[in-house]
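Here, each number is a calculation from the coordinates, and none is a lab measurement. This one's a predicted model, so the numbers in the text were calculated from it and none came from an experiment. With ideal geometry, Cβ positions are generated from the backbone for all residues, glycine too; neighbour counts draw on all protein chains shown.
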Amino acid sequence: MNLPIIAPSVLSADFANLGRDIEMINNSEADWFHIDVMDGVFVPNISFGFPVMKAIQKQAKKTMDVHLMIVQPERYIKDFKAAGAAILSVHYEASTHLHRTIHAIKEEGMQAGVAINPHTPVHLLKDIIKDIDLVCMMSVNPGFGGQKFIEQTYTKCADLKEMILAAGSNCLIEIDGGVNEQTGPKLLAAGADVLVAGNFVFAASNPTATIAQLKSMVPYTSKQA
């Protein structure tokens, strides 16, 4: 798959017209559906559960990339597989037995990801970086869309890429939060592979064109300054 991988965040879609927005993503240059599941405990917000996910599954023609912002995510691994998840990411901060949870996800035939909050150092993933397929790096505090991008993310992304290469891992770096025409090229330059975009896509006058703009982004260079 050509990089960057673009994953519009369904959380920012119009839920009164969800079928329309899913079809828009199907017909766009997007690669994945990014689906945020929140429980109101791990993060101060509640999103949607299995009925909505299964409704998306019926229409989605692309990979369902599911990001769990919930406590005890290991309880629901089989359920998310049944609801269509192809990639399942759990939070480092919410998983007491992370290694076990990662392997339980893989045993269900899904790719396994680990998400980290803005304050969580990337070096904490060193022991599992060869076991996972994706790191979902939060570039805003999790729970709500439309927040201001945290600038430290660029350095953190570059550090994570260095660690991945040193380990000989094929792990992808996904950035979730505040991705737009300014931050995207800089994130790609820092080593990001997957860009999650919510408000930037769904608040645009032409979401399909905005997705195409993201897909055609190239890493920022100093010559562009």
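Annotations for the structure displayed:
- Only helical runs count toward this figure. For the chain, summing -39,500 (n - 2.57) over DSSP H runs of n ≥ 4 and dividing by all residues gives -9000 deg cm²/dmol at 222 nm.
- 3J(HN,Hα) along the stretch 82-95: 5, 8, x, 5, 9, 10, 10, 10, 10, 7, 3, 6, 9, 10 Hz, from the Karplus curve 6.51 cos²θ - 1.76 cosθ + 1.60 with θ = phi - 60°, whole Hz, x for Gly and Pro.
- A DSSP coil position with no more than 12 other Cβ atoms inside 10 Å describes the following GluC sites (Glu not before Pro) in the stretch 84-174: GLU151.
- In range of the label at ALA82: residues from the stretch 51-68 whose backbone nitrogen is under 20 Å from the point 7 Å along Cα→Cβ: 51-60, 64-68
- Theoretical gain in end-to-end length, ALA166 to GLU23 [0.36 nm per residue, Cα-Cα removed]: 47.5 nm
- Debye, to nearest 20: dipole size of the chain, +1 on Lys, Arg Cβ, -1 on Asp, Glu Cβ: 160
- Amide H contacts of ALA115: VAL90, HIS91, TYR92, CYS136, each under 5 Å away and 5 or more positions distant or on a separate chain (H built 1.01 Å from N in the peptide plane; Pro and chain starts excluded).
- Radius of gyration (Cα atoms) of the stretch 1-130, expressed as a multiple of 2.2 N^0.38 Å: 1.05.
- DSSP bridge pairs, the chain: antiparallel proportion in percent, nearest 5: 5
- Members of LYS81/LYS148; LYS78/LYS148; LYS126/LYS215; LYS148/LYS186; LYS148/LYS215 lying beyond 26 Å, as alpha-carbon distances in this model show: LYS81/LYS148; LYS78/LYS148; LYS126/LYS215
- Theoretical FRET efficiency, 1/(1+(r/R0)^6), r = Cβ-Cβ of GLN72 and LYS148, R0 35 Å, to 0.05: 0.70
- For the stretch 125-141, 3J(HN,Hα) per residue [Karplus equation, 6.51 cos²θ - 1.76 cosθ + 1.60, θ = phi - 60°, Hz, x = Gly/Pro]: 8, 4, 6, 10, 4, 7, 8, 10, 9, 7, 10, 8, 8, 6, 9, 9, 6
- Length gained on full extension, HIS123 to SER205: 25.5 nm, using 0.36 nm per residue less the C-alpha separation.
- Counted by neighbouring Cβ atoms within 10 Å, the residues CYS136, CYS171 run from fewest to most as CYS171, CYS136.
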